[in-house]
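Have a look at the structure below, then the notes.
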Amino acid sequence: MSSLPRLVILDRDGVINLDSDDYIKSADEWIPIEGSLEAIARLNQAGILVAVASNQSGLGRGLFSPEDLNQMHAKFQRLLARLGGHVDAIFFCPHTPDAGCECRKPAPGLLRSVSLRFGLSLNSVPFIGDTKSDVEAARAARATPVLVRTGKGQRTLADNPELESLLCYADLAEAVDSLLEGSPLT
Ligand SMILES: [Zn+2]
């Protein structure tokens with residue numbers, strides 16, 4: 001049986017909460033995917049650090065304010081706390097694609113920030129996402145890419161059949177169960 005990672009990093013929209021092509025712009029629009037919050041609580045109970053790394057270009061586009069984002073994350077933490085769970089850090093990129101920043105995925109900046117925060121190498125740390133840019137960010141940061149079919153995941157796999165060789169799960173709940181059973185991260 002392989003040892004568990006000390007840290008797991010999650011994309012937000014389409015992995016933890018329902019995604020929308022129109023962006024998630026308010027706490028009201030922030031709705032958890034069934035089973036995702038319970039899965040995060042299971043990671044907490046296993047003593048694994050949980051961080052979120054999320055592109056939020058809606059900020060740079062002026063679609064919502066930093067206060068709106070704070071309220072989304074307050075709702076997230078409040079719902080999670082009811083289940084005895086928490087996230088240890090939330091990192092987000094506020095920039096638009098043309099800003100040329102180093103944090104917007106597929107760049108590895110957000111994941112590197114998580115690594116620095118916890119003083120942990122990302123080697124064998126799963127980054128669970130639903131898009132090709134999540135996979136590319138994981139690879140660029142030398143983390144382990146994991147895909148879920150929620151959010152844009154199904155579309156990502158249809159458009160990029162080569163990604164089917166990665167670890168793929170129906171949703172975060174299934175990914176976390178597999179991880180906690182000690183299935184190897186390749
Ligand atoms: Zn950025």
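Give region 103-121 a look and list any residue that's in a helix (DSSP H, G or I) and either among the hydrophobic types (A, V, I, L, M, F, W, C) or under 13 Å from VAL135 (Cα atoms) (or both), or say none. Break it down into steps so the answer makes sense when it comes.
Step one: filter region 103-121 for residues in a helix (DSSP H, G or I), giving 109-118.
Hits for region 103-121 are LEU110, LEU111, VAL114, LEU116, PHE118.
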Legend entry - Selection within region 142-186 - part of a loop (DSSP other than H, G, I, E, B), surrounded by 15 or more Cβ atoms within 10 Å (Cβ to Cβ) and on the phi < 0 side of the Ramachandran plot: ALA143, ARG149, THR150, LYS152, LEU166, ASP171, LEU185
Legend entry - Residue in region 55-102 that is nearest to the ligand (Cβ to nearest atom), counting only those that are without any contact (Cβ under 8 Å) to a residue 24 or more places away in the chain and assigned to a loop (DSSP other than H, G, I, E, B): CYS101
Inset, instruction - Quick one: count up the residues across region 9-23 that are open to solvent by 20 Å² or more (accessible area, probe 1.4 Å) and among the charged types (D, E, K, R). - result: 4
Legend entry - For ILE40: the one exception among (1) in contact with a Lys or Arg (Cβ under 7 Å, 6 or more places away or on another chain); (2) open to solvent by less than 10 Å² (accessible area, probe 1.4 Å): (1)
Inset, instruction - Please verify whether region 78-87 includes one or more residues that are modelled with pLDDT of 95 or more, closer than 21 Å to VAL135 by Cα and not acidic (Asp, Glu). - result: no
Legend entry - Positions within region 139-152 being free of Cβ contacts under 8 Å to residues at least 60 places away in the same chain and within 12 Å of LEU10 (Cα to Cα), in sequence order: THR144, PRO145, VAL146, LEU147
Inset, instruction - Please work out which one of (1) away from the ligand (no atom under 16 Å from the Cβ); (2) buried (at least 17 other Cβ atoms within 10 Å of the Cβ) is the condition SER26 fails and give its number. - result: (2)
Legend entry - Residue list for region 123-141, restricted to those being in contact with a helix residue (DSSP H, G or I) (Cβ under 7 Å, 6 or more places away or on another chain), part of a loop (DSSP other than H, G, I, E, B) and open to solvent by 10 Å² or more (accessible area, probe 1.4 Å): THR131, ALA141
Inset, instruction - Determine which single condition GLY47 fails, assuming it passes every other condition in (1) under 17 Å from THR144 (Cβ atoms); (2) free of Cβ contacts under 8 Å to residues at least 60 places away in the same chain. - result: (1)
Legend entry - Set VAL135, VAL114: member being among the aliphatic types (A, V, I, L, M), closer than 19 Å to GLY14 by Cβ, at pLDDT 95 or above and within 16 Å of the ligand (Cβ to nearest atom): VAL114
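The values are calculated or read from the model by the stated rules, or taken from the named source; none is laboratory data. Predicted, not measured: the structure shown is a model, and the values here were computed from it. Every residue, glycine as well, gets a Cβ built from its backbone with ideal geometry; the counts of neighbours run over all protein chains shown. The accessibility values were calculated without ligands, DNA or RNA, using every heavy atom of the protein model including side chains. Shrake-Rupley method; radii C 1.70, N 1.55, O 1.52, S 1.80 Å.
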